[in-house]
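Heads up, the thing below is written out as structure tokens.
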Amino acid sequence: MSDLRDLYQQVILDHNRKPRNFRTMEDADRSAEGHNPLCGDRVTVYVRMNGDVIEDVSFQGEGCAISTASASLMTQGLKGKTARDAEELFEAFRAMVTGGEPASEKLGKLAVFGGVCEFPLRVKCATLAWHTLHAALEEKSGTVTTE
Ligand code: ZN
């Protein structure tokens with residue numbers, strides 16, 4: 001079990017050091033900003049849709065390792081998925097980090113955040129990008145806050 005934890009930590013540290021899809025998207029057709037005042041994490045999520053399919057997704061921002069790695073892994077798993085798939089992933093992710101539910105298979109690599117449920121303050125860091133994505137998909141304006 002501790003080997004598994006080390007592996008999970010490696011994945012999170014790697015995505016924090018080299019975040020994937022970390023860029024402003026000039027031709028995004030949706031974007032939203034998120035803020036987690038408890039930790040100071042800020043993220044902007046950009047989405048370009050093709051019909052109901054997420055053609056491209058990226059993010060920008062500044063935050064702790066958990067929030068950056070979570071946004072990075074989230075964007076990696078979303079390309080080619082429908083908005084509805086994305087919402088289902090968000091639900092599964094949230095159930096895992098808030099309720100300690102076992103990671104469902106569809107979460108894939110996102111399972112590395114399973115341990116976050118033991119650290120309630122970190123849950124907001126891990127879900128910030130997802131709340132922000134949700135707002136972008138719903139085309140809500142303004143800043144999403146975890147408070
Ligand atoms: Zn944070």
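Nothing in this text is a laboratory measurement; each read-out follows from the coordinates by a stated rule. Predicted, not measured: the structure shown is a model, and the values here were computed from it. As a convention, Cβ positions derive from the backbone with ideal geometry for all residues, glycine included, and neighbour counts pool all protein chains shown.
Take every pair of alpha-carbon atoms less than 8 Å apart whose residues are at least six positions apart; their mean separation over the length of the chain yields a relative contact order of 30 percent.
Among the GluC sites (Glu not before Pro) in region 1-97, those located in a DSSP loop and surrounded by at most 10 other Cβ atoms within 10 Å of their own Cβ are Glu26.
Taking Gly100, Gly115, Gly51 as the candidate residues, the one with maximal mean-square fluctuation in a Gaussian network model of the chain, Cα springs under 10 Å, is Gly51. For region 1-103, applying the loop criterion from DSSP together with a ceiling of 15 other beta carbons within 10 Å to the trypsin sites (Lys or Arg not before Pro) yields Arg23, Lys79. Taking all Cα pairs closer than 8 Å and separated by 6 or more residues, the relative contact order of region 14-71 comes to 36 percent. Rounded to the nearest 10 degrees, the inclination of helix 65-78 to the longest alpha-carbon principal axis of the chain is 60 degrees.
The Kirkwood hydrodynamic radius of the chain, based on inverse pair distances between different Cα atoms, is 14.9 Å. Residues within the reach of a label modelled at Leu38 (point 7 angstrom out along Cα to beta-carbon, backbone nitrogen below 12 Å), restricted to region 115-136, are 117-128.
Putting +1 on Lys and Arg Cβ atoms and -1 on Asp and Glu Cβ atoms, find which of Thr132, Val144, Ala69 reaches farthest to the positive end of the dipole of region 66-147. Of the candidates, Ala69 comes out farthest on the positive side. A full extension of the chain between Phe119 and Lys79 corresponds to an added length of 11.5 nm, given 0.36 nm per residue minus the alpha carbon distance. Computed from Cα positions, the angle between helix 120-137 and the longest principal axis of the chain comes to roughly 20 degrees.
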